[in-house]
Amino acid sequence: MAKQVIIGSDHAGFSLKELIVAELIKGGYDVHDMGPATAESCDYPLFAQKVCEKVLQDDVQGILICGTGIGMSMAANRISGIRAALCTNEFHAKATRQHNNANVLCLGERVTGPGVAIELAKLFLETKFEGGRHQRRIDLFDSSKA
Ligand code: RB5
């Protein structure tokens, strides 16, 4: 069965979203595009919420894109159960899967070029969480002992 990916952006991430959607479909992913449908100005927290709700509901990975990636990562990380990582290089994308079990990748269209962004998306989706001591640390996120 094709691996499901949930994606969303704001207007500043719209072009990159369209590119990544096309690339992931080509790569055989089952892509759920939560919008927006046009590059008209919109509010990124609304799309962060939509994508994150579906990521949690279906227990899959998501991608959020805005101009910097920062607003999307801030909005996404307010939602319990979401571990969103703003990545700008391959080490980020790989390590945040291996160590943080990140379930949402955030990208900045005004920061990261399309070729690199597509590579980061693929790497993020293909890299497995290592578990073990890393799971113990993630468990501390919501613990009063942290
Ligand atoms: C939109 O202009 C821009 O503020 C938004 O895409 C994002 O970069 C916010 O963090």
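The values are calculated or read from the model by the stated rules, or taken from the named source; none is laboratory data. Predicted, not measured: the structure shown is a model, and the values here were computed from it. Note that we place each Cβ from the backbone using ideal geometry, even for glycine, and neighbour counts take in every protein chain shown. These accessible areas exclude ligands, DNA and RNA; they are computed on the full protein's heavy atoms, side chains included. Shrake-Rupley method; radii C 1.70, N 1.55, O 1.52, S 1.80 Å.
Results, tabulated for the structure shown:
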item: Members of segment 36-59 that are more than 16 Å from the ligand (Cβ to nearest atom) and more than 16 Å from SER15 (Cα to Cα); result: GLU53, LYS54, VAL55, LEU56, GLN57, ASP58, ASP59
item: Scope segment 48-85; condition in contact (Cβ under 8 Å) with a residue 24 or more places away in the chain and on the phi > 0 side of the Ramachandran plot; matching residues; result: GLY69, GLY81
item: Test for ILE20: is it outside any helix (DSSP H, G or I) and crowded, with 20+ Cβ neighbours inside 10 Å; result: no
item: Spans of strands (runs of 3 or more DSSP E) in segment 25-118 with at least 3 residues within 16 Å of LYS3 (Cα to Cα) and open to solvent by less than 60 Å² (accessible area, probe 1.4 Å); result: 61-66
